[in-house]
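The values are calculated or read from the model by the stated rules, or taken from the named source; none is laboratory data. All of these numbers come straight from a predicted model, not from anything done at the bench. Virtual Cβ from ideal backbone geometry, glycine too; neighbours counted across all protein chains shown.
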Amino acid sequence: MRAPSSNRTLLAGLLLAIGGLAALYGLRTWLDGLSTADPAAALPVLTLVLWGMVALVALSLAGTAALLWRVAARATAAQRFPPPGVTVVGRVPILTGAAALRRARLLRLIAGFLGLMALVVPATMTVVLDALLR
């Protein structure tokens with residue numbers, strides 16, 4: 001499998017950056033309009049937006065954890081890292097045997113940590129919001 005061209009990667013990164021800036025500007029404008037509203041009326045909307053952001057972070061962490069776990073499982077089965085079929089860029093040393101299994105275990109450890117964080121972030125936000133809304 002061929003690696004994507006650097007021009008396509010640069011264009012994708014540029015489009016993501018522009019989209020992120022537009023989203024931040026839109027959020028800022030929306031929050032400025034909300035600041036003039038009644039605080040009691042704005043609280044449910046702000047809470048909903050905050051939970052949306054927490055969900056986005058948690059889902060991103062869980063998705064990354066699942067991806068890393070899958071790559072580690074493939075590397076363990078093949079006893080090769082990176083596993084066959086994975087796109088690599090540049091000169092990447094191919095590990096086999098015990099070295100590949102160590103790398104797969106490390107990936108599983110990282111995946112487990114990210115999965116745990118996907119659970120901790122919403123739990124922490126629940127405690128923080130409970131303390132703030134008292």
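Data for the structure
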{"quantity": "Count - residues of the stretch 18-58 that are farther than 23 Å from L133 by Cβ and either touching a Pro at 6+ places or on another chain (Cβ under 6 Å) or of a type in the set (A, V, I, L, M) (or both)", "calculated": "5"}
{"quantity": "Total residues in the stretch 32-71, condition at pLDDT 90 or above, among the hydrophobic types (A, V, I, L, M, F, W, C) and surrounded by 13 or more Cβ atoms within 10 Å (Cβ to Cβ)", "calculated": "13"}
{"quantity": "Selected residue (only one of V49, V57 is of a type outside the set (S, T, N, Q), closer than 28 Å to T124 by Cα, in contact (Cβ under 8 Å) with a residue 60 or more places away in the chain and assigned to a helix (DSSP H, G or I))", "calculated": "V57"}
{"quantity": "Residue list for the stretch 72-104, filter: exposed (fewer than 13 other Cβ atoms within 10 Å of the Cβ) and either modelled with pLDDT of 95 or more or farther than 28 Å from S6 by Cβ (or both)", "calculated": "A77, T96, G97, A98, R102"}
